[in-house]
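Student: Okay, here's the structure, questions in a sec.
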Amino acid sequence: TVSTLYPIAAGPDGLRRAVEELCAQAEQAVRDGAEAVLLSDFREGGRTADLTFVPPLLAVGAVHHHLIRAGLRMRASILVETAQAWSTHHIACLVGYGASAVHPYMLWSAVRFLYESDKSAKMREQGKLNDISLRASLVNTRKALEAGVLKILSKIGISLLSSYHGAQIFEAIGIGDQLVETAFRGTPSRVGGLTPPELAEEVAEWHAT
């Protein structure tokens, strides 16, 4: 497991350094024999105010391209454990930039929270919601995500997930050349946009809320 968390006190330039360290740790893990590298923003006990995260898509893309340049990409899979993925688009982007599996742990926690809430329990009792188990709710959520990703693939004429995995069939809007070179190499970004320090500031603002 390679943590994607870094000290928010590192400031705007901290994101760039965190990505470099992330790539170095992933490379070393593969050289040491790891067949799967888990990029995770999970922290036991919850995230603290002094830690922020490398956006998961940036982390995946950066490690994916770094391992390609190091000649190691075929030796290991990239897995993602993140609270920042909860929709089919998020999952599709992560897979499209190299993730072999995604664990959206915050989504599962949200499903559990909503299922166990008094309001949901009351609505199930009144027949306003289907009276299914928590496990069934989690299974349904996973099926919905998988069906959504397959629908995205079908719209661009791809029938196999393996053909979509790492294919980068995207065009970036609002991402500057530095970020494209770091994590999205080969992705068109015609209008330019965010630099690493600007992205770090956006993440810090989101973290503060």
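The values are calculated or read from the model by the stated rules, or taken from the named source; none is laboratory data. Note that the structure is a prediction, hence the values are computed from the model and not measured. As a convention, Cβ positions derive from the backbone with ideal geometry for all residues, glycine included, and neighbour counts pool all protein chains shown. Areas reflect the complete protein model, heavy atoms only, side chains present, ligands, DNA and RNA absent. Shrake-Rupley method; radii C 1.70, N 1.55, O 1.52, S 1.80 Å.
Student: Residue-wise, which Karplus ³J(HN,Hα) couplings in Hz belong to the stretch 194-209, taking 6.51 cos²θ - 1.76 cosθ + 1.60, θ = phi - 60°, and x for glycine or proline?
Tutor: 4, 9, x, x, 5, 5, 4, 5, 5, 5, 5, 5, 5, 4, 5, 8
Student: Over the stretch 1-80, with every protein chain in place, what whole percent of the accessible area is carbon and sulfur at 1.4 Å, could you tell me? Kindly include the intermediate steps, with their values, before the conclusion.
Tutor: Values: 2030 of 3750 Å².
Carbon and sulfur together cover 54 percent of it.
Student: Give me the percent of accessible area attributable to carbon and sulfur for the stretch 83-128, probe 1.4 angstrom.
Tutor: Working: 1530 of 2610 Å².
The value for the stretch 83-128 is 59 percent carbon and sulfur by accessible area.
Student: What angle do you read, to the nearest 10 degrees and between 0 and 90, between the alpha-carbon axis of helix 105-116 and the longest principal axis of the chain?
Tutor: So the helix axis and the longest Cα principal axis differ by about 10 degrees.
Student: How far is helix 56-69 tilted, in degrees, relative to the longest principal axis of the Cα atoms in the chain, given as a value from 0 to 90 rounded to the nearest 10?
Tutor: The two axes meet at around 40 degrees.
Student: Continuing with the same structure: Rounded to the nearest whole Å², what accessible area per residue is found for the chain with the 1.4 Å probe?
Tutor: Per residue, the chain has an accessible area of 56 Å².
Student: Determine, for each peptide in 192-200, 90-98, the mean count of other beta carbons within 10 angstrom over its residues, then list the peptides with the highest first. Please list the in-between numbers first.
Tutor: Values: 192-200: 17.9, 90-98: 22.8.
The packing order, highest mean first, is 90-98, 192-200.
Student: Something else now. Round to the nearest 10 and report in Å² the accessible area of TRP206, as given by a 1.4 Å probe over the protein chains' heavy atoms.
Tutor: 130 Å²
Student: Once the Cα gyration tensor of the stretch 89-209 is diagonalised, what are the square roots of 5 times its eigenvalues, in whole Å and ordered largest first, as equivalent ellipsoid semi-axes?
Tutor: For the stretch 89-209, the semi-axes come out at 35, 21, 11 Å.
Student: Using only C-alpha positions, report the orientation-averaged shadow area of the convex hull of the stretch 89-151, nm², one decimal.
Tutor: Numbers: hull surface 19.1 nm².
The Cα convex hull of the stretch 89-151, projected and averaged over all directions, gives 4.8 nm².
Student: Using Cα pairs under 8 angstrom and six or more residues apart, how large is the relative contact order of the chain, in percent? Don't skip to the answer; put the middle values down first.
Tutor: On the way: 301 pairs, mean separation 47.3, N = 209.
Relative contact order for the chain comes out at 23 percent.
Student: Right, another one. What ranking of SER109, SER87 comes out by heavy-atom accessible area, probe 1.4 Å, highest first? Provide the component values of the computation, followed by the final result.
Tutor: Working: SER109 60, SER87 35 Å².
The residues order as SER109, SER87, largest area first.
Student: Quick one: P(r) of the chain from all Cα-Cα pairs, 10 Å bins, percents rounded to integers, in order of increasing distance.
Tutor: 8, 30, 34, 20, 7, 1
Student: Could you give the angle, 0 to 90 degrees to the nearest 10, between helix 14-31's Cα long axis and the longest principal axis of the Cα atoms of the chain?
Tutor: 90 degrees
Student: Based on DSSP, what percent of beta bridges with both residues in the chain are antiparallel, to the nearest 5? If you can, show how the numbers build up before the last one.
Tutor: Working: 3 of 16 bridges.
Here the share of antiparallel DSSP bridges comes out near 20 percent.
Student: Cross-link partners among lysines for LYS151, C-alpha distance below 25 Å, same-chain residues fewer than 8 apart left out?
Tutor: Reachable lysines: LYS143.
Student: Considering Cα pairs under 8 angstrom that are at least six residues apart, work out the relative contact order of the stretch 136-209 and quote it in whole percent.
Tutor: Working: 53 pairs, mean separation 15.3, N = 74.
Averaging sequence separation for qualifying contacts and normalising by length gives 21 percent for the stretch 136-209.
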